[in-house]
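Single-structure report; data block below.
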Amino acid sequence: MSRLDGRHVLVLTTNYGTEERELRDSVAVLREAGARVTVAAQEEKPVQTVVSDRRPGAEVRPDARLADVGAEGFDAVVVPGGTVNADTLRTDEDARRLVAAFAAAGKPVASICHGPWLLADAGLLPGRELTSYPSMRPDLSGAGGRWVDREVVVDTDGPFPLITSRRPDDLDAFSAAVVEAVRDAAAA
């Protein structure tokens, strides 16, 4: 993977229900590639992650609150899944504002598993090809997206790069695609 020295990536989460690997592994890969990563949650208290939406996972301390950050100064945004996390984020005004700002600025927007619910509610999917956890196909297609069943989908045919994956088992491909998108955006 290419070095992302000098790049800054924002990861959005709620304080409960984020799929542990989708948060922790994504952050770890980005940091290993040299990026500075800021995890922003709804509150400054620890994020209680979950494993397979059922069992408690590790706690992760956020770096900032969603309400206190903007797209400025960041090169990309990542939205991990977890059913409860994604269902809560999609109704959060700050989360919708943030992903819309990244998209409007032409910066990479990446999401995995149930995370694309936020992108749907922010109006970012019409005409875009993407994937997600399979049960979300009707929701994302109804929001105007072209859903496909692939490990990772990188759609660069719109106003911003869109990177999506289906589930935690796809994290290696997802993380590699996010690193590449951030690198490519920085080179442009």
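The values are calculated or read from the model by the stated rules, or taken from the named source; none is laboratory data. Since the structure is predicted, the reported quantities are computational estimates derived from the model, not experimental observations. Here the Cβ is made from the backbone with ideal geometry for all residues, glycine too, and neighbour counts use every protein chain on show. Ligands, DNA and RNA are excluded from the accessible area calculation, which covers all protein heavy atoms including side chains. Shrake-Rupley method; radii C 1.70, N 1.55, O 1.52, S 1.80 Å.
Let's see how each residue does on (1) in contact with a helix residue (DSSP H, G or I) (Cβ under 8 Å, 6 or more places away or on another chain); (2) farther than 23 Å from D184 by Cβ; (3) among the hydrophobic types (A, V, I, L, M, F, W, C):
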| position | (1), (2), (3) |
| --- | --- |
| A76 | yes, no, yes |
| V79 | yes, no, yes |
| G82 | yes, yes, no |
| A86 | yes, yes, yes |
| A100 | no, no, yes |
| K107 | yes, no, no |
| P116 | yes, no, no |
| D121 | yes, yes, no |
| G127 | no, no, no |
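Taking the stated definitions as given, is L140 outside any loop (DSSP other than H, G, I, E, B), open to solvent by less than 10 Å² (accessible area, probe 1.4 Å) and free of Cβ contacts under 8 Å to residues at least 40 places away in the same chain? Talk me through it step by step, then tell me what you get.
Working: outside any loop (DSSP other than H, G, I, E, B): yes; open to solvent by less than 10 Å² (accessible area, probe 1.4 Å): yes; free of Cβ contacts under 8 Å to residues at least 40 places away in the same chain: yes.
Answer is yes for this residue.
Matching residues to (1) under 20 Å from L118 (Cα atoms); (2) of a type in the set (D, E); (3) surrounded by fewer than 19 Cβ atoms within 10 Å (Cβ to Cβ):
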position	(1), (2), (3)
Q48	yes, no, yes
P56	no, no, yes
A76	yes, no, no
G81	yes, no, no
N85	yes, no, no
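Which ones in the stretch 166-180 are aliphatic (A, V, I, L, M) and surrounded by fewer than 20 Cβ atoms within 10 Å (Cβ to Cβ)? Spell out how you get there, then give the answer.
Just the residues of the stretch 166-180 that are aliphatic (A, V, I, L, M), to begin with: 171, 173, 176-179.
Correct list: A173, A176.
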- [ ] Provide a single number: the residues in the stretch 18-67 that are more than 29 Å from R3 (Cα to Cα) and either in contact with a Phe, Trp or Tyr (Cβ under 7 Å, 6 or more places away or on another chain) or charged (D, E, K, R) (or both).
- [x] 7
TODO: Please find, among R97, R3, the residue that is open to solvent by 70 Å² or more (accessible area, probe 1.4 Å), part of a loop (DSSP other than H, G, I, E, B) and not polar (S, T, N, Q).
DONE: R3
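In this structure, does V60 turn out to be on the phi < 0 side of the Ramachandran plot and surrounded by fewer than 22 Cβ atoms within 10 Å (Cβ to Cβ)? It would help to see each step written out before you state the result.
Working: on the phi < 0 side of the Ramachandran plot: yes; surrounded by fewer than 22 Cβ atoms within 10 Å (Cβ to Cβ): yes.
Answer is yes for this residue.
Take the residues in the stretch 7-46 that are among the charged types (D, E, K, R) and part of a strand (DSSP E or B), then tell me which one is surrounded by the most Cβ atoms within 10 Å (Cβ to Cβ). Walk me through how you get there before you give the answer.
Our first condition is that a residue be among the charged types (D, E, K, R); within the stretch 7-46, this holds for 7, 19-22, 24-25, 31-32, 36, 43-45.
With part of a strand (DSSP E or B) added as a condition, the list becomes 19, 36.
Details: E19: 30, R36: 17.
Once the filter is applied, the top-ranked residue is E19.
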- [ ] Give me the pairs, please: first residue somewhere in the stretch 168-188 and closer than 14 Å to A35 by Cα and in a helix (DSSP H, G or I), second residue anywhere and open to solvent by 10 Å² or more (accessible area, probe 1.4 Å) and among the hydroxyl-bearing types (S, T, Y), beta-carbon distance under 8 Å, and either six or more positions apart or on two chains.
- [x] V179/S2; E180/S2; R183/S2
